[in-house]
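Colleague: Just dropping this structure here.
The values are calculated or read from the model by the stated rules, or taken from the named source; none is laboratory data. In this text, all values refer to a predicted model and were calculated from it rather than measured experimentally. So basically every Cβ, Gly included, is an ideal-geometry build from the backbone, and we count neighbours across all protein chains shown.
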Amino acid sequence: MTRPSTKSQLPLAAAGDPSAAPVASRDADRIAQPASSARRRWLAAGAALGGGALAVGCASSTAPGARGPSIGRVVVVGGGFGGATAARYLQMWGGNVDVVLVERNAQFVSCPISNLVVGGFKQVGDITRSYGGLSAMGVKVVRGDVVTIDAVAKKVRLADGTELPYDRLVLSPGIDFMTDGIGGLQPALDSGRVVHAWKAGPQTVELRRQLEAMPNGGTVAMTIPATPYRCPPGPYERACMIAAYLKTAKPRSKLLVLDANPEIQSKKALFERAWAQHYKDQIEYKPNSGLREVAGTTARLEFDDVKADVLNVIPPQRAADIAVKTGLVNVNNRWVGVNWLTMESTAVPGIHVLGDATFPAPAMPKSGHMANQHAKVAAAAIIQLLRNEPVNPTPVVMNTCYSFVTQRDVIHVASVHQFVATKNTFEPVPGSGGVSAAANQIEGRYALSWAENIWTDMLG
Ligand SMILES: Cc1cc2nc3c(=O)[nH]c(=O)nc-3n(C[C@H](O)[C@H](O)[C@H](O)COP(=O)(O)OP(=O)(O)OC[C@H]3O[C@@H](n4cnc5c(N)ncnc54)[C@H](O)[C@@H]3O)c2cc1C
């Protein structure tokens, strides 16, 4: 279904859209905690909206002295889209829940908008945020690497030996890469000569540096793994951003997009149109081109060798190492199965898993927006479980993914997902969602606002 692209015609973006959340969240901090039965109703109603309205309904004061005795301690591992949102909403809605967030990186660096850094249209500082907002609202933010989780003793252990006990654990560790099936890939990544830039940060900056260092006339090759991978439209957006840079700065250069899939995996017609309109001299797209081996900056495919000056390999992905180590991975040897009403692992009780690490419900994308929505379902459910109250039986979540096709023109894909009790999973709501009619600059502004708002929604 085609979706119109003007703001007044984007009602889906309002239901659980981070665009509305920061204002609601600030208000939430000022509203007195409702009585228990009313609070229950508001929690259920709010969770049914996917979280956007829940911030107002489930407010509690976080002011010192206003909290009752603690009803439990929740440790959240991973301060990305899922984990940071969960920590913030547990703190905001829980009132008297102790929330600890453990994250290995000093700062949050966003994957969304990172392709603009690769293209030279943003700096890495533009997509970097601190965890100070979470600390200021009372979340205990711990910098550290979680190396083991003892689900029986209910404690996590950090690399420095610190042990953190929990009543409930939230794990949103994102993805790690499966490099074993591709000869030479791990050494190439270890050497730094080949980057993935599929976790934003130093690799994003390095890919940009390599593009700038490449002579005019040089070849860039980007490989895309077979689905499922993090952010289905992300590689095609990256192709646009690299091509936009080459078109102006290195017009004799080419980008080869080597896709293991038989066709473009998201917003296909819109990307094809953008490539034909803007980048026909820059982008050469090769479907069914799975990467077999990496030798220097040469990509070896089944029947072909592609020699590149800059090789950007997006490797196949699975749930992050800590999920594997903890015995949570129970679907296709790659992903974590969850109970969608609580986001609790189907393998290990007491551990709620969010975001890209999960085996998705039908048509549910691995996106930052979806991880943010998972977090709100989990935060509401955990508070209710700690209070021995029933969890919301009918959650609804939604997703919008914007992609830049030029520095300013953007396309979106949106969807709404409703929990269906008879099937015990989320399913897309018929008739909801869709894609832009055409790339346009208005959505360029929405995309940047979406990013600012979701960063505020998760980090304060
Ligand atoms: C180029 C690109 C563009 C994208 N664009 C969009 C977009 O426009 N819109 C969108 O919605 N999504 C987009 N995405 C997808 C989005 O980034 C992911 O879906 C999202 O980050 C998933 O959130 P998460 O919480 O599961 O994982 P992450 O956000 O990756 O967070 C995981 C965190 O856990 C930490 N961690 C992991 N293990 C440990 C451990 N053992 N101890 C301590 N900390 C640990 C990591 O350091 C990390 O901070 C894009 C992705 C890419 C790569």
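Colleague: Restricting attention to segment 184-205, which residues are within 14 Å of the ligand (Cβ to nearest atom) and at positive phi?
Modeller: Kept after step one, since they are within 14 Å of the ligand (Cβ to nearest atom), are these residues of segment 184-205: 195-205.
The answer is ALA197, GLY201.
Colleague: What are the residues in segment 412-460 that are touching a Leu at 6+ places or on another chain (Cβ under 7 Å) and hydroxyl-bearing (Ser, Thr, Tyr), if any?
Modeller: Applying the first criterion (touching a Leu at 6+ places or on another chain (Cβ under 7 Å)) to segment 412-460 yields 414, 416, 419, 432-433, 435-436, 439, 459-460.
If the condition is that a residue be touching a Leu at 6+ places or on another chain (Cβ under 7 Å) and hydroxyl-bearing (Ser, Thr, Tyr), then SER432, SER436 are the ones that fit.
Colleague: So which of ARG208, ARG168 is under 24 Å from the mean Cα position of the chain (by Cα), basic (Lys, Arg) and more than 16 Å from the ligand (Cβ to nearest atom)?
Modeller: Working: ARG208 fails: more than 16 Å from the ligand (Cβ to nearest atom).
Step by step, each of ARG208, ARG168 is checked, and only ARG168 is under 24 Å from the mean Cα position of the chain (by Cα), basic (Lys, Arg) and more than 16 Å from the ligand (Cβ to nearest atom).
Colleague: Kindly establish whether GLY181 is assigned to a loop (DSSP other than H, G, I, E, B), more than 12 Å from the ligand (Cβ to nearest atom) and touching a residue at least 60 places away in the same chain (Cβ under 8 Å). Even if it seems obvious, please write down each step before you answer.
Modeller: Values: assigned to a loop (DSSP other than H, G, I, E, B): yes; more than 12 Å from the ligand (Cβ to nearest atom): yes; touching a residue at least 60 places away in the same chain (Cβ under 8 Å): yes.
The answer is yes for GLY181.
Colleague: What pairs can you find where one residue is in segment 96-117 and within 18 Å of GLY144 (Cα to Cα) and without any contact (Cβ under 8 Å) to a residue 60 or more places away in the chain, the other is among the basic types (Lys, Arg) and within 9 Å of the ligand (Cβ to nearest atom), and their Cβ atoms are less than 9 Å apart, with a gap of 6+ or different chains?
Modeller: GLU103/ARG143; ARG104/ARG143; ALA106/ARG143
Colleague: Also: What number of residues within segment 345-382 satisfy the criterion of being in contact with a His (Cβ under 9 Å, 6 or more places away or on another chain) and surrounded by fewer than 24 Cβ atoms within 10 Å (Cβ to Cβ)?
Modeller: 4
Colleague: Within segment 383-413, work out how many residues are away from the ligand (no atom under 16 Å from the Cβ), of a type in the set (Val, Ile, Thr) and buried (at least 24 other Cβ atoms within 10 Å of the Cβ). Even if it seems obvious, please write down each step before you answer.
Modeller: Start the filter on segment 383-413 by keeping residues that are away from the ligand (no atom under 16 Å from the Cβ), which leaves 383-396.
Restricting the remaining residues to those that are of a type in the set (Val, Ile, Thr) gives 383, 391, 394, 396.
Narrowing further to those that are buried (at least 24 other Cβ atoms within 10 Å of the Cβ): 383.
Looking only at that region, the number is 1.
Colleague: Please go through segment 111-127 and pick out each residue that is within 12 Å of the ligand (Cβ to nearest atom) and in a helix (DSSP H, G or I).
Modeller: Within segment 111-127, SER114, ASN115, LEU116, VAL117, VAL118, GLY119, ILE127 meet the criteria.
Colleague: Something else now. Only one of (1) touching a strand residue (DSSP E or B) at 6+ places or on another chain (Cβ under 9 Å); (2) aliphatic (A, V, I, L, M); (3) away from the ligand (no atom under 12 Å from the Cβ) fails for ALA136. Which number is that?
Modeller: Here ALA136 meets the rest and fails (1).
Colleague: Inside segment 208-228, can you point out the residues that are within 30 Å of LEU101 (Cα to Cα) and part of a helix (DSSP H, G or I)?
Modeller: none
Colleague: Something else: Which ones in segment 139-186 are in contact with a strand residue (DSSP E or B) (Cβ under 8 Å, 6 or more places away or on another chain), of a type in the set (S, T, N, Q) and surrounded by fewer than 22 Cβ atoms within 10 Å (Cβ to Cβ)?
Modeller: Within segment 139-186, THR148, THR162 meet the criteria.
Colleague: Before we move on, is THR425 away from the ligand (no atom under 14 Å from the Cβ), under 21 Å from the mean Cα position of the chain (by Cα) and surrounded by fewer than 21 Cβ atoms within 10 Å (Cβ to Cβ)? Lay out the reasoning, then the answer.
Modeller: Values: away from the ligand (no atom under 14 Å from the Cβ): yes; under 21 Å from the mean Cα position of the chain (by Cα): yes; surrounded by fewer than 21 Cβ atoms within 10 Å (Cβ to Cβ): yes.
In short, yes.
Colleague: Just checking, how many residues over segment 70-110 are of a type in the set (D, E, K, R), more than 10 Å from the ligand (Cβ to nearest atom) and farther than 10 Å from LEU134 by Cβ?
Modeller: Step one: list which residues in segment 70-110 are of a type in the set (D, E, K, R), which gives 73, 88, 98, 103-104.
From what's left, more than 10 Å from the ligand (Cβ to nearest atom): 73, 88, 98.
Then keep just the ones that are farther than 10 Å from LEU134 by Cβ; that gives 73, 98.
Selection size over segment 70-110: 2.
Colleague: Something else now. Could you please find all residues in segment 303-346 being among the basic types (Lys, Arg) and within 16 Å of PRO360 (Cβ to Cβ)? Quick ask: steps written out before the conclusion?
Modeller: From segment 303-346, those among the basic types (Lys, Arg) are 307, 318, 325, 334; that's our starting set.
Result: ARG318, ARG334.
Colleague: Given the structure, is ASP305 surrounded by fewer than 17 Cβ atoms within 10 Å (Cβ to Cβ), modelled with pLDDT of 95 or more and under 18 Å from the mean Cα position of the chain (by Cα)?
Modeller: On the way: surrounded by fewer than 17 Cβ atoms within 10 Å (Cβ to Cβ): yes; modelled with pLDDT of 95 or more: yes; under 18 Å from the mean Cα position of the chain (by Cα): no.
It is false that ASP305 is surrounded by fewer than 17 Cβ atoms within 10 Å (Cβ to Cβ), modelled with pLDDT of 95 or more and under 18 Å from the mean Cα position of the chain (by Cα).
Colleague: Would you say ILE442 is modelled with pLDDT of 95 or more, more than 15 Å from the ligand (Cβ to nearest atom) and either among the hydroxyl-bearing types (Ser, Thr, Tyr) or buried (at least 21 other Cβ atoms within 10 Å of the Cβ) (or both)?
Modeller: Taking the combined requirement at face value, the residue does not satisfy it.
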